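The values are calculated or read from the model by the stated rules, or taken from the named source; none is laboratory data. In this text, all values refer to a predicted model and were calculated from it rather than measured experimentally. With ideal geometry, Cβ positions are generated from the backbone for all residues, glycine too; neighbour counts draw on all protein chains shown. What goes into the accessible areas is simple: the full protein's heavy atoms, side chains included, and nothing from ligands, DNA or RNA. Shrake-Rupley method; radii C 1.70, N 1.55, O 1.52, S 1.80 Å.
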Amino acid sequence: MILLSRQQSQMHRILEALIRRLPSTHVDYMNYFDRLMRIQAGFAGEKRVDAEWLEINLPNPHYFLHDLQILNHFGNTHQIDSILLCPHFILILEIKNITGFLEYDESFTQFTRTTSQGDVEGMIDPFHQVRRHAEWIKRMLKKYKVEIPVHYAVVMATKNAILSESLKGQPIFHVSGLRYHIKELFKQHKELMLGADNLFLFATKLLSRHMPIKREITIPVRDIVKGVLCVRCSNGQRMSYHSIKWTCPRCGLVDREAIFRTLEDYKLLVGDSLTNKSFCDFFEVDSPDLAYRLLQKLPVKAEGVKKHRKYWIKDG
Ligand SMILES: [Zn+2]
């Protein structure tokens with residue numbers, strides 16, 4: 001059972017909206033674009049591993065927590081890609097979607113990759129990351145007086161990561177090896193360490209610590225393309241409002257969802273409250289009367305009257 005499912009992060013969604021609306025000639029466009037590509041690759045890799053679990057037989061009960069984000073008692077954060085809790089053991093996964101020839105020097109805790117162009121790049125040691133998560137889980141187990149073995153592994157989500165001999169003996173494998181790794185763990189831990197109730201209780205204790213980590217990003221709001229954009233033209237082409245519908249003057253698309261997407265972009269890039277004026281600016285609507293009428297149809301909650309009216313964008 002999945003207790004915590006994987007979601008696109010807020011940062012992922014902000015960067016997607018930003019790339020939709022920032023001119024590609026903008027001085028920071030490539031920075032945002034590269035950042036989005038990295039997040040997208042990571043997310044795709046995690047989804048790839050999630051899909052692999054569907055083909056693996058696991059005894060019941062068992063629980064998954066995907067992308068658990070917590071603040072530890074030192075005030076530092078943990079972002080744990082996947083945790084499997086079953087009555088025999090707990091397994092923590094660090095998922096990597098990176099390509100190249102990967103090498104590891106344990107004495108230096110140095111993890112490097114050599115790209116297909118021959119460039120050598122240093123990377124964060126994934127074993128250090130996942131061990132740190134395991135130590136936190138062990139502290140939680142101790143706190144709640146629960147005894148169960150904790151295992152961890154680094155899973156490579158793409159076959160284009162070539163693992164070198166230097167990684168032999170380390171808990172790292174390709175996603176296709178996950179089922180064999182699990183089989184081995186069950187062979188190693190035949191004994192039931194936790195009853196169903198206690199397992200669920202501990203899993204929900206971990207879940208209750210989940211608090212999505214807020215990451216800061218500077219959004220060049222002034223430089224982004226405003227208006228209700230056409231998804232088909234997708235080059236910043238604006239739609240216009242006539243006869244109660246948004247139509248693209250270029251390709252003719254009529255899109256009833258366009259205004260809701262624009263509201264979502266506004267929420268991600270500007271904030272969760274609007275005024276008639278900020279609506280006119282962002283949606284590129286000239287008439288405050290039309291803005292008023294359009295706002296009535298959107299999932300917003302009005303507060304105050306006349307000039308001081310403010311609209312809060314509802315969640316979801
Ligand atoms: Zn169009």
Is one or more of the residues making up region 192-214 in a loop (DSSP other than H, G, I, E, B), touching a Phe, Trp or Tyr at 6+ places or on another chain (Cβ under 9 Å), away from the ligand (no atom under 16 Å from the Cβ) and within 30 Å of Met140 (Cα to Cα)? yes
Might you check whether a residue that is closer than 26 Å to Ser234 by Cα, open to solvent by 40 Å² or more (accessible area, probe 1.4 Å) and not assigned by TED's automatic domain parsing to the domain that holds Met11 occurs anywhere in region 302-314? no
Which ranges mark the strands (runs of 3 or more DSSP E) fully within region 228-316 that have 3 or more residues being under 26 Å from Gln10 (Cα atoms)? 300-303, 310-313
Go through Ser24, Ser107 for me and flag whichever is part of a helix (DSSP H, G or I) and either open to solvent by 20 Å² or more (accessible area, probe 1.4 Å) or within 30 Å of Thr262 (Cα to Cα) (or both). Ser107
Looking only at region 230-253, count every residue that is charged (D, E, K, R), more than 7 Å from the ligand (Cβ to nearest atom) and open to solvent by 90 Å² or more (accessible area, probe 1.4 Å) and tell me the total. 1
Picking from Leu178, Leu185, Leu163, the residue that is closer than 30 Å to Arg113 by Cα, touching a helix residue (DSSP H, G or I) at 6+ places or on another chain (Cβ under 6 Å) and either modelled with pLDDT of 95 or more or not hydroxyl-bearing (Ser, Thr, Tyr) (or both) would be Leu178
What is the number of the single condition among (1) touching a Ser or Thr at 6+ places or on another chain (Cβ under 9 Å); (2) open to solvent by less than 20 Å² (accessible area, probe 1.4 Å); (3) part of a helix (DSSP H, G or I) that Leu93 does not meet? (3)
In region 254-292, anything hydroxyl-bearing (Ser, Thr, Tyr) and either within 16 Å of the ligand (Cβ to nearest atom) or open to solvent by less than 40 Å² (accessible area, probe 1.4 Å) (or both) is listed as Thr262, Tyr266, Ser273, Ser278
Given the condition free of Cβ contacts under 8 Å to residues at least 40 places away in the same chain, within 21 Å of Leu68 (Cβ to Cβ) and crowded, with 17+ Cβ neighbours inside 10 Å, answer yes or no: does some residue in region 116-128 qualify? yes
Do we find a residue being open to solvent by 90 Å² or more (accessible area, probe 1.4 Å), within 21 Å of the chain's Cα centre (by Cα) and in contact (Cβ under 8 Å) with a residue 60 or more places away in the chain anywhere in region 176-198? no
Restricting the search to region 218-229, which residues are surrounded by 13 or more Cβ atoms within 10 Å (Cβ to Cβ) and away from the ligand (no atom under 15 Å from the Cβ)? Ile219, Pro220, Val221, Asp223, Ile224, Lys226
Quickly run through region 1-21 and pick out the residues that are under 11 Å from the mean Cα position of the chain (by Cα) and not in a helix (DSSP H, G or I). Ser5, Arg6, Gln7, Gln8, Ser9
